[in-house]
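None of the figures in this text is laboratory data; all of them are computed from the coordinates on show. Keep in mind that what you see is a predicted model, and the values were worked out from it rather than measured. Don't worry about glycine lacking a Cβ; one is built from the backbone with ideal geometry, like all the others, and counts go over all protein chains shown.
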Amino acid sequence: MTQAAIPQARPAWHDQATIDRFLDNAHVWAVVGLSGDPARTAYAIADLLHSRGKRVVPIHPDAPELFGEQGYATLAEVPFEIDVVDVFRRSESAGRFVDEAITIGAGGVWFQLGVIDHAAFERAEAAGLPMVMDTCPAIEWKLRETR
C-alpha cells in the first residue's frame, strides 16, 4: 500500500498570496544587479518582467539604460515609487537591499533563486515589508500555469 503524497508546507518566504500580489499587481520592479549583459540571469528575468508589462528599473553601479528606463546606481536615487526590489546578489550581500527597501518605502522585496538571508527576512517582516526569497518570477509564473 502506498501513501498519498503529503503536500509540503511552503516556508514563510514563499507565501503564495505575496507572490501572487507581486506578480499581478506590482508594476515597477527595481532590479538590483541588472547590467546590460544579456548572458546574465538578471537580464533574462528583467526581459521576462518587461514582456509581462512590468516597468523594469536597472539598479547597478554603471546605471545602464535598459528596457527604456534610466538605470540608477542605488535605490535611493530612484525618483519614483518602487513596487518590488528584485535582488540578484549573493546571499551574503543581499540583506542590505532589504534595509534600503525599508528606508525608501518600497512595496516589497524579492530575493532570486538561491538568494537566502533569514535575518533580512525577519527585518522585512518586522518592518511590515512583504518579502519573497529563494524563487524566481519565471518559476512562479510557470507553476501558476500548471495549477
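Values computed for the structure shown
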quantity	calculated
Separation of the Ile104 and Ile139 label points, Cα + 7 Å toward Cβ, nm	2.5 nm
Relative contact order of the stretch 12-146, pairs being alpha-carbon contacts under 8 Å that are 6 or more residues apart, as %	23 percent
Radius 10 Å from Cβ of Ser91, net charge of other residues (Lys, Arg +1; Asp, Glu -1)	-1
Mean residue ellipticity (222 nm) of the chain, computed from DSSP H runs ≥ 4 via -39,500 (n - 2.57), nearest 500	-11000 deg cm²/dmol
Karplus 3J(HN,Hα) series, Hz, for the stretch 112-120 with 6.51 cos²θ - 1.76 cosθ + 1.60 (x for Gly, Pro)	5, 3, x, 9, 9, 8, 5, 5, 5
Label point distance in nm, Arg40-Leu113, each placed 7 Å from Cα along Cα→Cβ	1.8 nm
Built amide H within the under 5 Å cut-off of Asp86, gap 5+	Ala30, Val31, Val32, Trp110
Efficiency of FRET from Cβ geometry, Asp20 and Glu122, R₀ 22 Å, rounded to 0.05	0.45
For Rg and Dmax of the Cα atoms in Å, calculated from these coordinates, the label among (i) 15.5, 61; (ii) 19.5, 64; (iii) 20.9, 72	(i)
Under 5 Å, built H, 5+ apart or other chain: amide partners of Gly71	Glu65, Leu66
Cut-off under 5 Å, modelled amide H: who pairs with Asp134 long-range	Phe111, Gln112, Gly114, Val115
Distance between modelled label sites at Ser51 and Arg10, nm, 7 Å Cα→Cβ extension	2.3 nm
